[in-house]
Amino acid sequence: MIKNPHEGKFIVFEGLDGSGKSTQAEYLVKKLKQEAAKVHKTFEPTQYLIGGLIRSFLGNDWKSSADCLQLLFAADRAYHLEKEILPALAKKLIVVSDRYFFSSFAYGALDCDLNWLIKINDNFLFPDLTIVLKSDPKICIERMAKERFSVELFEQVAKLEKVWQNYEKIIARFRIDNDIRVIDGDRPIQAIFEEVESILAKKNKDGWKS
Ligand code: TMP
C-alpha cells in the first residue's frame, strides 16, 4: 500500500454495521468545519455508478460470486481515490471517509481469501489515521433494527462476530506501520467523540507521521 504523499490528511472510520461510525464521522466533520478547517466528507460504497451496482447487489437485486462483489468494491475504491480522495488531499483538505479498505478485508474475508483481498487493494493509499469502533454485534443489530427498513446481507449477529474477528486480524497485521486506533463503541455518542477529539488533538500536537 502507498503512503499519503500529500499535505492533506486522510482519516477513515471503520467498524461493524450499526457500530456508530457514521455518526462519529459526521461529528468530526462538523467540528472540523466549526474550526474553519478545510474538510471533505465521503463514504464507501460511493454514490457513483460502481457504488450503485454494489448497493443493488447487497439489496439482492442481482447476484454474482463473492469474488465479483469484492472486485467491484476495489473498482469503486479506485474510482473514489481518483475522482475524490486524491484531488482533495492534493488541495490540502482533511478527508474523512466512512469505510475504506479495512471493510473489504473484514467483510470480504467471510467468503474470499484475505491475501487475495489485500493484493487487489495493494495499489491504494493507506489512511493517515484509521479509527475502528469496537461495538458489541448484538447492540449493532439492535441499533440497525431501529434505524433501517431493510436488513441487508451482512446484518446478522453471527456474521458480525466473524467480521469483527477479521477486523482484529487485519488490525494486528497493519498496525506495525500504520496508525490504527481501536476505540470502545459501546459508550454514549458524546463519550466516544471526546476520545476521537483527543486522538486528533494529540496527532496535531505530536505530528502526523506514523
Ligand atoms: P453501509 O453503506 O451501510 O456501510 O453498508 C455497506 C456494506 O458493505 C456493509 O455491510 C459493509 C460492506 N462492505 C464490504 O463488504 N466491503 C467493502 O469494501 C465496503 C466498503 C463495505
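Grab the DSSP H runs of the chain that are 4 residues or longer, score each as -39,500 (n - 2.57), total them, divide by all residues and round the 222 nm result to the nearest 500 deg cm²/dmol.
-15500 deg cm²/dmol
For the chain, what is one quarter of the convex hull surface built on the Cα atoms, given in nm²?
So the Cα hull casts an average projection of 11.1 nm².
Between 83, 41, 21, find the one with the highest GNM mean-square fluctuation for the chain; connect C-alpha pairs within less than 10 Å.
Highest fluctuation among the options: 83.
Quick one: putting +1 on the C-beta of Lys and Arg, -1 on the C-beta of Asp and Glu, what dipole do you get for region 9-205 around its Cα centre, in Debye to the nearest 20?
620
Remind me, relative contact order of the chain in percent, using alpha carbon pairs under 8 angstrom and six or more residues apart?
Relative contact order of the chain: 34 percent.
Quick note: the coordinates plus some simple rules give every number you see, no bench work behind them. Everything numeric here is computed off the predicted structure, so don't read it as measured data. Every residue, glycine among them, receives a Cβ derived from its backbone with ideal geometry; neighbour counts consider all protein chains shown.
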